[in-house]
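The values are calculated or read from the model by the stated rules, or taken from the named source; none is laboratory data. As the structure is a computational prediction, the values presented were derived from the model and not from experiment. For neighbour counting, all protein chains shown are included, and Cβ atoms are generated from backbone atoms with ideal geometry for every residue, glycine included. Just so you know, the surface numbers come from the protein's heavy atoms only, side chains and all, with ligands and any DNA or RNA stripped out. Shrake-Rupley method; radii C 1.70, N 1.55, O 1.52, S 1.80 Å.
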Amino acid sequence: MATAPTLFTDAMGLSIDRESILAAVGNEAFLRAGTSCVRLPQRMQMQHKKVHGLALSHACSLRRLLLIYCETRDWINAATFLKQGDGCELVIHMSHSALLHLRYDDGECRILELACSTEYSMLYHTSLNGFQYNKLMIISGNGFGEILIWQPRHPVAFNPVTFTKTYPLRLRLKAHNGVIFSIDFNLRAQLLVTTSDDRSLKFWQLNSIPTADWKLCAAAPLRPMFSCFGHSSRVICAIIVMFDGQVFVISGGEDSYICLWSQSGDMLFKRRQQFGAPIWRLGYDSSTFTLYSTSSTGNILAYNLHTALRKNAMNLTSLTTIPMNSTSEFVKNIKYLNTSTIIGLSSKNRLLYMKVSRSSQMDVWKLVIAFPAYKCTVLSVYDRIVATCGYQRVTLLGYNTETDIDTEHFQILYDGIMLEGLIKSFHFLNKDTYLISDEFGNCLILKGLTMEIQASIKISNCREPWITAALLVSPTYLLLSCRNGHTMLYSKNASNHFDLKDTLKCLHGNMGSNMFKFVLSNDNYAYVLSAGHESILKHLRISYTDCRLTIMRRECVPLSWVEASPTFDVLIGFNDNHLVVWSRQHDVLLELQCGGAHRCWDFQLNCNELHIIYVKQKQVFFYSQLLYNNCPERFVSTLQSSWHTRNCNIIQLIQHQNENQSSYMISAGDDNIIKINQLSGHSIIQFQLAELHTHISSVRHLILYPIKSEILPDLWLIFSVGGRAQLCINQIDLKGPVISELCSHTIQSNSASKTISHNARLMAIQVVQHSEIEFGRFSLYLGSADGKIRLLSWRLENPSEVHLQRQIDIDRCPLHLQFLNNNNLLLISTTHGMLYGFDHTLSFKRFQLQLHTTGINALHAVVNDHLLHVLSGGDDENVKHTIIHLTDMTIQHSTAFQDLHNAQVNALTLYPYRGVDQTFEICAYTCSIDKQIFKVNLTTKQYTRIGFTCISDVKGLLLYNNKYLYIYGSGLHVMAL
């Protein structure tokens, strides 16, 4: 069984070689071969360094060497093994153009030569070409957008002090309007490709193949061909690949997209590959046509490019035109009749059908003779039944109803007059129950092939009142959405009429829902997923007890227009002029340029094969593709994370004492998302349950608070604060678990001017629930970046209201709040190193202490008897343990640990426990920007460095079950204690 990953951070190293994959995530390097994955050992002094690259020696013997290089004072840009001599030689190129020529023999490495070029600018990428040292070609890109080329041949200077040889620069060429991030070239194709932060990749023609005698000349050896713009942000990497004798270029960007380009610069394929995380490296396996990509979240994902690289990569077919005398007739509306047959309505209001197949030749359009031609406004299909509607008229046709299934036969099942006006929609609620609506808001629920009227519904007078989506949740409840944007819940009464029970106005804006998808139900509730003309899905709950319709939570998706959900994992919708198929587990599966969201289209999903038909420029197109990409089996063992794509600022846990029961980890960060992961005793991170998209800016802090009630023992509240002065309160019921949004508030400052609204970022929050007599009443303490500390009152029974009780100004930005309920004490740490203590009403300052010379970035306090133990860490690189007597608020003892860290301290936690003789003891764990992790016994003042982390910009750490430390920031590192 695969081991749960313990590190989610930048994956900067990737190398594909024969039947193996070499990859690096943070400071860990892995060898994947077959279905096995082996972690490669590293020395202790390298544990806090992220691996930046990998180099494998040439296959000249049974033993091959692997070079793993990490961060250094001068970063390593590139490394390669040479083919010369009897021993093993390699070169390492640094970011300031220093070159080390090394020889490795029997575990010992010695320097053969130190070299540099006459150019000393900062280099961001280097590509090494050659197998012999004096014929090596070094091609680099600097921060000024220049290509620099030199060779360790014919030195122009020698430094006897440093024993460094200096070689002349052979070529300097302006290439980009920004930093050059990658360079790749193919000598056979005489092609060189560069990428930059100017959002472009540039193609260059090699007019002459580099040799040892390649020098600066009038005719430049590199000639610019064209620039390609397909990424919306910095282009980090690009590689050149060969397929069937053709040259292709693949690029990856900070926008999380990969692009496939032809040698002539045409974009052939584009796909979002890493769930919004930046793509750092690309690798290609020509034997399996598989592209591998790494990202900032540590994911190493595979995608089979065989289909995209073929000439008929799009699998797109233009269906034959209508064989009629009139050349102006065209198909204007199409639907799938079954897995292999489509039906279309022509501009002449004739009904046509055609057999389509991925493997065989397409059939021709055939006329449905039985159809009574009239001006149709609606075409709908369900389970071989075709429904057409027009002015007051409804027609049902059955396909293959009385004959053999292979015989193409249509039969009219019903044709008659319904409603008053132009019928605008026809919905199949199930196989024999239908709903129709007209332009005046009249709706009928019909039963069976005789179209017997079961009930009628009148939508209130409004603009465009016809139905856009309908779902029969149960025999009693009906969910409708109309074109004016409202979503309505109806309930059947004793007279079999449907009564309006609840309405959600403008659920998806002013155009209504496109889709309802039933999720699950129990005795009390039903859950439905709704999608519409926006990039947000709404999770709805229908209460059977009080007939209420509630928005539980929102889910952001990378689609601007959602129309279908064939499975719970897959959504189909539109972005601009592309039809997009998106998966929660696999990200974007398909982007098909079809012309935009308003066109007529339909899909069929059969055994993971997706078929799409659409009308564009009066022509029908057929597209087919496997829904999930076929990747090699050796990649199956790779575990995929769904961690934050930007910095994680806070993690909190809902823990169970029993390890057999699941615990939950709630995290939030600069990607504006709150993630809920389920933990268990056997897995560090088991799987992600849900995401909360309530914040519109970065989430700075959150607090989990249980509802103190015997009626609701498994209910927890999630209070979170962040940018734009936003306070969000969400709820999680552990029985489901069911996650729901309660409210979102913007906390505005009390300004004298009513015209000015200053919304400062909320930095921290603390929560206190009142006594059981006042069930559901909470006091919220908020600290904002403008120096204000606010005391708010909030009630669970009325979540949309929050009331200001008191506000104080401490003149500095508060960084942390901690409330000690049993001691009536609120602790506040600030950016100028001050620690304040206030009572619960904020009306009395109990103490004020200068603990640090600069900001207090980390704070944790516990109480034992009458002593308050405060552990703090700050910008002054100091860790301080302060003991305060709670009776008179005097400092009883203070200890500074100045030798622990050499950078600002951002993360720490206290761990009190009882010793062998039941005496109170306390220890602490600390971490800093220097990436060192210490365990400190605050009783004995002894400390030990227990390890390192490679997580950059550490924001905090959390102790889980006294067994694991969670260190988080620009990633997540789980350390076993």
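Some observations on this one:
- If you go through the stretch 872-890 and keep only what is out of contact with any Gly (no Cβ under 6 Å at 6 or more places or on another chain) and assigned to a loop (DSSP other than H, G, I, E, B), you end up with 876, 877, 878, 886, 887, 888, 889.
- Going through (1) touching a residue at least 12 places away in the same chain (Cβ under 8 Å); (2) over 23 Å from residue 186 (Cα atoms); (3) open to solvent by 20 Å² or more (accessible area, probe 1.4 Å) one by one, residue 115 falls short only on (3).
- Qualifying residue in the stretch 489-497 (condition: in a loop (DSSP other than H, G, I, E, B), surrounded by 21 or more Cβ atoms within 10 Å (Cβ to Cβ) and at positive phi): no
- Contact map, the stretch 267-280: first residue hydrophobic (A, V, I, L, M, F, W, C), second residue open to solvent by 60 Å² or more (accessible area, probe 1.4 Å), Cβ cut-off under 7 Å, separation 6 or more or different chains; the map is empty.
- All strands (runs of 3 or more DSSP E) inside the stretch 910-977 with 3 or more residues being among the hydrophobic types (A, V, I, L, M, F, W, C): 920-928, 932-937, 956-960, 971-976
- Per-region count, the stretch 167-193, residues closer than 12 Å to residue 222 by Cα, under 36 Å from the mean Cα position of the chain (by Cα) and not in a loop (DSSP other than H, G, I, E, B): 5
- Residue match in the stretch 569-584 (condition: in a loop (DSSP other than H, G, I, E, B), touching a residue at least 24 places away in the same chain (Cβ under 8 Å) and out of contact with any Phe, Trp or Tyr (no Cβ under 9 Å at 6 or more places or on another chain)): no
- Residues being under 22 Å from residue 586 (Cα atoms) and part of a loop (DSSP other than H, G, I, E, B) - total across the stretch 234-259: 3
- Residues (under 21 Å from residue 76 (Cβ atoms) and in a strand (DSSP E or B)) located in the stretch 149-158: 149, 150
- Residue 761 at pLDDT 90 or above, surrounded by fewer than 21 Cβ atoms within 10 Å (Cβ to Cβ), more than 20 Å from residue 556 (Cα to Cα) and basic (Lys, Arg): yes
- Residue count for the stretch 809-855 under the criterion of being of a type outside the set (S, T, N, Q), within 39 Å of the chain's Cα centre (by Cα), farther than 20 Å from residue 876 by Cβ and crowded, with 16+ Cβ neighbours inside 10 Å: the result is 4.
- Residues in the stretch 666-677 that are at negative phi and touching a residue at least 24 places away in the same chain (Cβ under 8 Å): 666, 667, 668, 669, 670, 671, 673, 674, 675, 676.
- The set of residues in the stretch 54-81 that are at pLDDT 90 or above and either over 39 Å from the mean Cα position of the chain (by Cα) or open to solvent by less than 20 Å² (accessible area, probe 1.4 Å) (or both) comprises 78, 79, 81.
- Checking each residue in the stretch 544-561 for being of a type outside the set (D, E, K, R) and more than 18 Å from the chain's Cα centre (by Cα) picks out 544, 545, 547, 549, 550, 551, 552, 561.
- Selection within the stretch 905-932 - touching a His at 6+ places or on another chain (Cβ under 9 Å) and either open to solvent by 20 Å² or more (accessible area, probe 1.4 Å) or within 21 Å of residue 855 (Cα to Cα) (or both): 908, 909, 910, 912, 924, 926, 927, 928, 929, 930, 931, 932
- When residue 348 is tested against (1) assigned to a strand (DSSP E or B); (2) touching an Asp or Glu at 6+ places or on another chain (Cβ under 8 Å), only condition (1) is not met.
- Flag if residue 563 is in a strand (DSSP E or B), open to solvent by less than 50 Å² (accessible area, probe 1.4 Å), acidic (Asp, Glu) and in contact (Cβ under 8 Å) with a residue 40 or more places away in the chain: no
- Of the residues making up the stretch 82-104, just one is open to solvent by 20 Å² or more (accessible area, probe 1.4 Å), in contact with a Cys (Cβ under 7 Å, 6 or more places away or on another chain) and either over 17 Å from residue 55 (Cβ atoms) or among the small types (Gly, Ala, Ser) (or both), namely 98.
- Taking the stretch 425-438 as the range and being open to solvent by less than 70 Å² (accessible area, probe 1.4 Å) and in contact (Cβ under 8 Å) with a residue 24 or more places away in the chain as the test, the residues that pass are 425, 426, 427, 428, 429, 430, 433, 434, 435, 436, 437, 438.
- Strands (runs of 3 or more DSSP E) within the stretch 629-693 that include 1 or more residues buried (at least 18 other Cβ atoms within 10 Å of the Cβ), modelled with pLDDT under 80 and over 16 Å from the mean Cα position of the chain (by Cα): 683-692
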